[in-house]
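Data first, discussion second: the structure below is written as structure tokens.
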Amino acid sequence: TQLLEQSPQFLSIQEGENLTVYCNSSSVFSSLQWYRQEPGEGPVLLVTVVTGGEVKKLKRLTFQFGDARKDSSLHITAAQPGDTGLYLCAGDSSGTYKYIFGTGTRLKVLA
Amino acid sequence: DAGVIQSPRHEVTEMGQEVTLRCKPISGHNSLFWYRQTMMRGLELLIYFNNNVPIDDSGMPEDRFSAKMPNASFSTLKIQPSEPRDSAVYFCASSGAGRREQYFGPGTRLTVT
């Protein structure tokens, strides 16, 4: 069974700080996604990466796909309270768009 | 445009009862996914359909769970009989043909007492 481990599991930081969340697996993925989920809502897609070494930016969020396509990171610059939520990575190892979700990182940004 | 619609939003039932969760995907999307989310196990894929046909149901926990998609605009997930360990938030998601982006509904919070 594929396993996507995310670290840290919980993170509480002050507004303005930077942070990095990691997503690791022993499997190779054809694509990997990052989602953010707020309480009482479904996950919302932030980005999809498909090429090893690929870097994508979404405002203050930077996503990187590992060269071997087994891991990914999400870096947030100058975090804001609005960034609070559960961050989930999801990987597709079969190329069938069937995504397996990671264990999640729960982020809280304090004002 | 309306997103993915799920009903009911909350369901409380007693052990042994039948539960039916409903989903209306985004119009024009041809793939539909059912997920279950718990604190212990995270977000798990139960089953997904492509063009109304079940493609992979390997995530369905046991025979008490069944899913149907009679047409492109409607799907159900049924649990019969329900058990307390089925308590979770159940999400439906849809995606367009050849697209990786999944759009999630707001979920149904199921509590089985």
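The values are calculated or read from the model by the stated rules, or taken from the named source; none is laboratory data. Predicted model, so just to flag it, every value in this text is computed and none were measured. Every residue, glycine among them, receives a Cβ derived from its backbone with ideal geometry; neighbour counts consider all protein chains shown. We work out accessible area using only protein heavy atoms, side chains counted, and drop any ligands, DNA or RNA first. Shrake-Rupley method; radii C 1.70, N 1.55, O 1.52, S 1.80 Å.
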Using the structure shown, decide if B:Glu11 is of a type in the set (Asp, Glu), more than 11 Å from the chain's Cα centre (by Cα) and exposed (fewer than 15 other Cβ atoms within 10 Å of the Cβ).
-> no
Could you please give the count of residues in the range B:99-111 that are open to solvent by 10 Å² or more (accessible area, probe 1.4 Å) and touching a Pro at 6+ places or on another chain (Cβ under 7 Å)?
-> 1
Long-range neighbours under 6 Å by Cβ, at least six apart or interchain, first residue closer than 10 Å to B:Glu83 by Cβ within the range B:13-25, second in a strand (DSSP E or B) | B:Met15/B:Val112
What is the number of the single condition among (1) buried (at least 20 other Cβ atoms within 10 Å of the Cβ); (2) within 17 Å of A:Tyr99 (Cβ to Cβ) that B:Ala88 does not meet?
-> (2)
Which of the residues belonging to the range A:1-29 are more than 19 Å from B:Glu44 (Cα to Cα), open to solvent by less than 70 Å² (accessible area, probe 1.4 Å) and of a type outside the set (A, V, I, L, M)?
-> A:Pro8, A:Gly16, A:Thr20
Of (1) open to solvent by 60 Å² or more (accessible area, probe 1.4 Å); (2) in contact (Cβ under 8 Å) with a residue 40 or more places away in the chain; (3) within 21 Å of B:Gln102 (Cβ to Cβ), A:Gln37 fails just (1)
For residues that are surrounded by 18 or more Cβ atoms within 10 Å (Cβ to Cβ), within 14 Å of chain B (Cβ to nearest Cβ) and hydroxyl-bearing (Ser, Thr, Tyr), tally how many sit in the range A:47-78.
-> 1
Of all residues in the range A:79-106, count the ones that are within 12 Å of chain B (Cβ to nearest Cβ), in a loop (DSSP other than H, G, I, E, B) and among the polar types (S, T, N, Q).
-> 3
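A quick yes/no check of all residues on (1) touching a Gly at 6+ places or on another chain (Cβ under 7 Å); (2) open to solvent by 30 Å² or more (accessible area, probe 1.4 Å); (3) facing chain A (nearest Cβ under 10 Å); (4) outside any strand (DSSP E or B):
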{"site": "B:Ala2", "(1), (2), (3), (4)": "no, yes, no, yes"}
{"site": "B:Met15", "(1), (2), (3), (4)": "no, yes, no, yes"}
{"site": "B:Arg22", "(1), (2), (3), (4)": "no, yes, no, no"}
{"site": "B:His29", "(1), (2), (3), (4)": "yes, yes, no, yes"}
{"site": "B:Trp34", "(1), (2), (3), (4)": "no, no, no, no"}
{"site": "B:Leu43", "(1), (2), (3), (4)": "no, no, yes, no"}
{"site": "B:Tyr48", "(1), (2), (3), (4)": "no, no, yes, no"}
{"site": "B:Ser58", "(1), (2), (3), (4)": "no, yes, yes, yes"}
{"site": "B:Ala97", "(1), (2), (3), (4)": "no, yes, no, yes"}
Answer yes or no as to whether B:Pro54 is open to solvent by less than 40 Å² (accessible area, probe 1.4 Å), under 25 Å from A:Ser94 (Cβ atoms) and within 14 Å of chain A (Cβ to nearest Cβ).
-> no
State the number of residues belonging to the range B:67-85 that are open to solvent by less than 50 Å² (accessible area, probe 1.4 Å) and either outside any loop (DSSP other than H, G, I, E, B) or at pLDDT below 95 (or both).
-> 6
Is it fair to say B:Ala93 is of a type in the set (Gly, Ala, Ser), closer than 27 Å to A:Val47 by Cβ and within 11 Å of chain A (Cβ to nearest Cβ)?
-> yes
Flagged in the range B:86-100 as closer than 12 Å to B:Gln37 by Cβ and small (Gly, Ala, Ser), in numbering order, are B:Ser87, B:Ala88, B:Ala93
Of everything in the range B:64-95 that's aromatic (Phe, Trp, Tyr) and in contact (Cβ under 8 Å) with a residue 24 or more places away in the chain, which residue is farthest from B:Gly42 (Cα to Cα)?
-> B:Phe74
